[in-house]
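Nothing in this text is a laboratory measurement; each read-out follows from the coordinates by a stated rule. Quick caveat, the model's predicted, so the values are computed rather than measured. Positions of Cβ are generated from backbone atoms using ideal geometry, with glycine treated the same way; all protein chains shown enter the neighbour counts.
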Amino acid sequence: MSFSIAIDGPAGAGKSTIARKAAKNLSFIYVDTGAMYRAMGLYFLRQGISPEDSEKIEEACEQIQVSITYENGEQQVLLNGENVSKEIRREEVGNMASKTSANSKVREKLVALQRELAEKENVVMDGRDIGTQVLPHATVKIYLTASSRERAKRRYLELKEKGMEADLDEIEADIKERDHRDMTREISPLRQAEDAVLIDASFMNIEQVTQAVLQAFEEKRR
Ligand code: DC
């Protein structure tokens, strides 16, 4: 039987940084499920499909193949064979992913892929519904969150570091809008699983959060 660590939480809480570090520490595979929703979102964007047009989205699902490979330990996402790992990081793609991930066809497709990966390997998987839907029997479930202001500040600093223009209030408003959408959708909304360990990272650094995750895993594994 393989081990799995499920990490869910809102956008910008640091899930991917923590999941990557925990995976490295345990020699597990890191699976970024948001990247899969982004890859599908990118396809819809490129095709000019409106996120409201569920019929077109469902038709398009038949044309999309998302797959995952690893290069030097880093997850790469392929959209119909094309490596789109960089392009999917755009803000526009994230927002499209947030909107279209509410579609049940989109979710069915990706949940199947995610479960397949977790069956074969020991994984640290992050997303919105990993503990509640994808891996209900995960070895340990973490709900990682931080205040919207704190999450906005981190995103602001990231953008500034890249030399990009950024407005803190605008970023926070965007984060709140995305939280609302991810938490109130009908299918698999973001919520803390009953048996998840809650970590509020507002006043914790990366190392402290990583240690808390590893400790929770050790406790459950025993
Ligand atoms: O984690 P992220 O920002 O890369 O995710 C992009 C969007 O994809 C997010 O706003 C909601 C959706 N998503 C989802 O519905 N379920 C997941 N397991 C992961 C992401």
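Tabulated values for the structure
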item	result
Candidates ILE88, ILE57, ILE68 - the one that is part of a helix (DSSP H, G or I) and in contact with a strand residue (DSSP E or B) (Cβ under 7 Å, 6 or more places away or on another chain)	ILE88
The one condition in (1) of a type outside the set (Phe, Trp, Tyr); (2) surrounded by fewer than 18 Cβ atoms within 10 Å (Cβ to Cβ); (3) within 14 Å of ASP8 (Cβ to Cβ) that ILE187 fails to fulfil	(3)
Residues (over 25 Å from LYS15 (Cα atoms) and within 16 Å of the ligand (Cβ to nearest atom)) located in segment 50-75	PRO51, SER54, ILE57, CYS61, ILE64
Odd one out for ASP129, checked against (1) under 29 Å from GLU52 (Cβ atoms); (2) more than 13 Å from the ligand (Cβ to nearest atom); (3) touching a strand residue (DSSP E or B) at 6+ places or on another chain (Cβ under 8 Å)	(2)
Some residue of segment 13-33 being closer than 27 Å to GLU172 by Cα and either in a loop (DSSP other than H, G, I, E, B) or touching a Pro at 6+ places or on another chain (Cβ under 7 Å) (or both)	yes
Candidates SER54, SER67, SER104, SER50, filtered to the one that is without any contact (Cβ under 8 Å) to a residue 12 or more places away in the chain, over 20 Å from ILE7 (Cβ atoms) and hydroxyl-bearing (Ser, Thr, Tyr)	SER50
Among residues of segment 190-211, those that are outside any strand (DSSP E or B) and surrounded by fewer than 19 Cβ atoms within 10 Å (Cβ to Cβ), counted	12
The one condition in (1) free of Cβ contacts under 8 Å to residues at least 60 places away in the same chain; (2) at positive phi; (3) within 16 Å of the ligand (Cβ to nearest atom) that SER188 fails to fulfil	(1)
Flag if LEU157 is more than 14 Å from the ligand (Cβ to nearest atom) and assigned to a strand (DSSP E or B)	no
Condition check for ALA97: away from the ligand (no atom under 15 Å from the Cβ), in a helix (DSSP H, G or I), in contact (Cβ under 8 Å) with a residue 12 or more places away in the chain and small (Gly, Ala, Ser)	no
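One line per residue, one yes/no per condition, for (1) within 16 Å of the chain's Cα centre (by Cα); (2) over 15 Å from LEU45 (Cα atoms):
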site: GLU62; (1), (2): no, yes
site: ILE68; (1), (2): yes, yes
site: GLU71; (1), (2): no, yes
site: GLN75; (1), (2): yes, yes
site: GLU82; (1), (2): no, yes
site: MET96; (1), (2): yes, no
site: VAL124; (1), (2): yes, yes
site: GLY127; (1), (2): yes, yes
site: THR132; (1), (2): yes, yes
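For (1) hydroxyl-bearing (Ser, Thr, Tyr); (2) farther than 22 Å from ALA112 by Cβ; (3) surrounded by 11 or more Cβ atoms within 10 Å (Cβ to Cβ), each residue gets a yes or a no:
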site	(1), (2), (3)
TYR37	yes, no, yes
LEU42	no, no, yes
ARG46	no, yes, yes
CYS61	no, no, yes
ILE64	no, no, yes
